[in-house]
Amino acid sequence: MKRERAKPGGQIEFRHLRYFVASAEHGSFRKAGAAIGVQESAISRRVRDLEDRLGASLFHRHNAGVCLTFAGRRFLRRARQIIRNLGEGANDIAAAGRAENGCVRIGIYSSIASGFLAELLHSYGRRHGDVRIELVDGNPDEHIAAIRQFRLDVAFLTGDRDWPACDRAHLWCERVFVVLPDQHPLAARAELTWPDLAEEPFIVSEAAPGQEIHDHLVRELAALGRHPEIQVQSVGRDNLLPLVAIGRGLTLVSEAMTVALLPGITYRPITDEILPFSAVWSPINDNPAFRRFLSMAKVASTKSAKITPTLSSVEPSAAPWRSRDPWR
C-alpha cells in the first residue's frame with residue numbers, strides 16, 4: 001500500500017534535526033544510528049517525518065546509504081545553526097542557574113567608596129566576573145517600589161524598618177561623621193556631640209540622602225531647643241563637600257564616605273551615632289545571580305561581626321540610631 005505523504009507544516013522536533021544532521025554527516029541511516037545510539041529504523045522514520053513536515057525530499061536513498069538533495073544541502077546549514085543555537089542557549093541558561101552570568105541590580109543610598117558594601121562588590125566581582133552589576137541611586141521609597149516591580153534585585157538602606165512584601169537582613173553598621181572645614185574650631189576635637197553642633201549652619205544636597213539628613217538634623221537639634229539653619233544645595237554629594245571647605249556650612253556623612261580626602265575638610269565622628277544598614281529584597285525574586293550575591297553578603301556580615309563586635313555586630317534594635325527612617 002502506498003504511503004500517504006503528510007501535508008507540509010507539521011511540528012518539527014529537535015530529534016528530527018538531530019537525526020537528519022547525523023544522517024547527512026555519516027551518509028547512512030545505519031551509521032547515524034550507530035553513532036548516536038538509536039536504531040536505524042527510528043532514524044529513517046524520523047527523517048521521513050521531517051521530509052513530510054517540510055514538504056521536500058532531503059535525501060536520495062540508495063543501496064550504499066543516502067546523499068543530500070539540493071533542498072537537503074540548503075536545509076543542513078539551517079539545521080546545524082538551530083542545533084548550535086539551542087546548545088548555546090541551554091549553556092547560557094545553565095550558567096545563569098549557577099550564577100555564572102546574568103545581572104544584579106542594586107539600589108544604593110550612599111557612597112560605595114569604602115566599607116562593607118565596597119568590599120562585598122569587589123569580592124562578588126572577583127568570583128563572578130561575568131555577572132553584570134548595575135547600581136542605582138535613589139531614596140528608599142523609590143528603591144522599594146523598584147524591588148516590588150522587579151526592576152531592582154536588592155537595596156541597601158539604613159534603619160530597622162520592615163517594608164511590606166519585602167524581606168530584610170541587617171548586615172553592618174557605620175558611625176555618623178560631621179564634615180567641617182579643617183580650620184573650624186571644632187576640628188581640634190577628636191569627637192563631637194549634638195550640643196557642640198547646636199549653633200552651626202548646615203548644608204545638604206538636594207539629591208538623596210539630603211532630605212533624610214535634613215530631617216535628622218531637625219529632630220536631633222530640636223530636642224536641644226534649637227531650630228537649625230539648613231540650606232539645600234542643588235548639587236550632588238561630590239560637590240557638597242567642597243562647599244563645606246569654603247565655609248558654606250557643615251554636613252553629615254556615613255563612615256564609608258570618610259575615605260574621600262578632599263582638601264580643606266575634616267571628618268569628626270558624633271558620639272554614639274551609629275547607622276545600621278540592611279539589605280531589602282523581594283522574597284519571590286529567583287534571580288540566581290542575586291541569590292548568590294545575597295548569600296555572600298550574609299556570610300560577609302557574619303565574618304565582619306566576629307572581627308569587629310564593638311561596631312558591626314550592633315543590631316538595629318540596640319543601636320543608638322532611633323529613627324524609623326534614618327539616612328545613609
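Overview of results
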{"quantity": "Matching strands (runs of 3 or more DSSP E) fully within the stretch 147-239 where at least 1 residues are under 30 Å from S301 (Cβ atoms) and touching a residue at least 24 places away in the same chain (Cβ under 8 Å)", "calculated": "154-158, 167-181, 202-205"}
{"quantity": "Among (1) at positive phi; (2) touching a Leu at 6+ places or on another chain (Cβ under 6 Å) - the single one D272 does not satisfy", "calculated": "(2)"}
{"quantity": "Some residue of the stretch 199-221 being surrounded by fewer than 21 Cβ atoms within 10 Å (Cβ to Cβ) and among the aromatic types (F, W, Y)", "calculated": "no"}
{"quantity": "Exclusive hit being on the phi > 0 side of the Ramachandran plot and in the same structural domain as S301 (by TED's automatic domain parsing), set G210, G225, G236", "calculated": "G225"}
{"quantity": "From the options I112, I106, I147, residue that is crowded, with 19+ Cβ neighbours inside 10 Å and under 24 Å from D238 (Cβ atoms)", "calculated": "I106"}
{"quantity": "Within the stretch 29-47, considering residues that are buried (at least 18 other Cβ atoms within 10 Å of the Cβ) and more than 21 Å from L86 (Cα to Cα), the one nearest to the chain's Cα centre (by Cα)", "calculated": "G33"}
{"quantity": "Those residues of the stretch 145-200 which are small (G, A, S) and out of contact with any Leu (no Cβ under 7 Å at 6 or more places or on another chain), in sequence order", "calculated": "A145, A155, G159, A165, A169, A188, A190"}
{"quantity": "Selection within the stretch 220-240 - within 34 Å of the chain's Cα centre (by Cα) and within 24 Å of P276 (Cβ to Cβ)", "calculated": "R237, L240"}
{"quantity": "Those helices (runs of 4 or more DSSP H) lying entirely in the stretch 5-110 with at least 1 residues under 30 Å from D286 (Cα atoms), modelled with pLDDT under 90 and touching a strand residue (DSSP E or B) at 6+ places or on another chain (Cβ under 6 Å)", "calculated": "70-97"}
{"quantity": "Hits in the stretch 274-290 - residues which are of a type in the set (G, A, S) and in a strand (DSSP E or B)", "calculated": "S278, A279"}
{"quantity": "F293 part of a helix (DSSP H, G or I), in contact (Cβ under 8 Å) with a residue 24 or more places away in the chain, crowded, with 19+ Cβ neighbours inside 10 Å and aromatic (F, W, Y)", "calculated": "yes"}
{"quantity": "Hits in the stretch 250-269 (condition: touching a residue at least 24 places away in the same chain (Cβ under 8 Å), not small (G, A, S) and not in a strand (DSSP E or B))", "calculated": "E255, M257, T258, V259"}
{"quantity": "Only listed residue being modelled with pLDDT of 90 or more, assigned by TED's automatic domain parsing to the domain that holds G125 and under 24 Å from A113 (Cβ atoms), chosen from K303, K298", "calculated": "K298"}
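The values are calculated or read from the model by the stated rules, or taken from the named source; none is laboratory data. Computed from a prediction, not measured in an experiment: that's the story for all the values here. So basically every Cβ, Gly included, is an ideal-geometry build from the backbone, and we count neighbours across all protein chains shown.
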